[in-house]
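What follows is a set of notes on a single structure, which appears directly below.
Coordinate-derived values only; no laboratory data. Just so it is clear, the model here is predicted, and its values are computed rather than measured. Don't worry about glycine lacking a Cβ; one is built from the backbone with ideal geometry, like all the others, and counts go over all protein chains shown.
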Amino acid sequence: MSIKIYLDNCCFNRPYDDQGQVKIRIETEAKLHLQMKIEEGSLLLAWSYILDYENAANPFEIRQISINKWKKKAFETLRENEEILKRARQLTQFELKAKDGLHIACALHAKCEYFITTDDKILNKDHLIDGIKVLNPVQMLNVMEEE
């Protein structure tokens with residue numbers, strides 16, 4: 001059985017970050033491994049309109065094109081609806097940014113088991129978010145190895 005995951009925008013952009021820090025290099029390798037598992041079918045990727053929105057704002061066209069290719073590999077592309085907006089508003093009560101709340105609300109709406117991010121502010125609030133496990137790419141690899 002495949003595991004449903006949602007990668008947020010910072011996760012998709014991790015390979016383009018300065019790889020001079022060991023933490024960033026390790027997260028990049030882990031994220032690339034997750035993408036390989038998506039291609040193999042052992043992970044199912046959810047995509048959303050907020051990913052489209054943030055990626056369209058990327059000033060680097062090559063990065064934009066590269067990230068957008070993952071939309072075609074998604075099992076579902078979520079569109080804005082009242083349920084997602086309502087849940088996102090609830091999530092911002094935990095001092096999450098509006099866009100982060102939308103990402104998580106989309107992941108919940110798609111019934112993803114895991115929300116993958118490299119954003120420490122989101123990761124530090126994982127205990128407040130019900131219905132989904134919030135992990136960084138390295139933690140997700142650990143979960144996959146345990147299963």
> Which one of GLU82, GLU27, GLU95 has the biggest mean-square fluctuation once the chain is modelled by GNM with Cα springs under 10 Å?
Replying inline: GLU82
> What list of ³J(HN,Hα) values in whole Hz, one per residue of the stretch 102-107 in order, does the Karplus curve 6.51 cos²θ - 1.76 cosθ + 1.60 (θ = phi - 60°) give from phi, with Gly and Pro shown as x?
Replying inline: 5, 4, 5, 4, 5, 4
> With θ set to phi - 60° and the Karplus curve 6.51 cos²θ - 1.76 cosθ + 1.60, what are the ³J(HN,Hα) couplings of the stretch 9-20 in order, to the nearest whole Hz, using x for Gly and Pro?
Replying inline: 4, 5, 5, 4, 8, 3, x, 8, 6, 4, 7, x
> Check LEU44: other-chain or 5+ apart residues with amide H under 5 Å from its amide H, H built from backbone geometry?
Replying inline: ILE3, LYS4, ILE5
> Listed here are the pairs LYS73/LYS125; LYS86/LYS121; LYS37/LYS69; LYS23/LYS111; which of them are more than 27 Å apart at the Cα?
Replying inline: LYS73/LYS125; LYS23/LYS111
>> To make sure I understand, if each residue's beta carbon is the centre and we count other beta carbons within 10 Å, what order do LYS4, LYS111 fall in, fewest to most?
In response: LYS111, LYS4
>> Below 8 Å, C-alpha to C-alpha, sequence gap of six or more: please give me the relative contact order for the stretch 3-146 in percent.
In response: 31 percent
> Dipole magnitude of the chain about its Cα centre, charges +1 at Lys/Arg Cβ and -1 at Asp/Glu Cβ only, in debye to the nearest 20?
Replying inline: 280 debye
>> Quick one: 3J(HN,Hα) in Hz for the stretch 52-57, Karplus 6.51/-1.76/1.60 with θ = phi - 60°, rounded, Gly and Pro as x.
In response: 4, 4, 5, 5, 5, 7
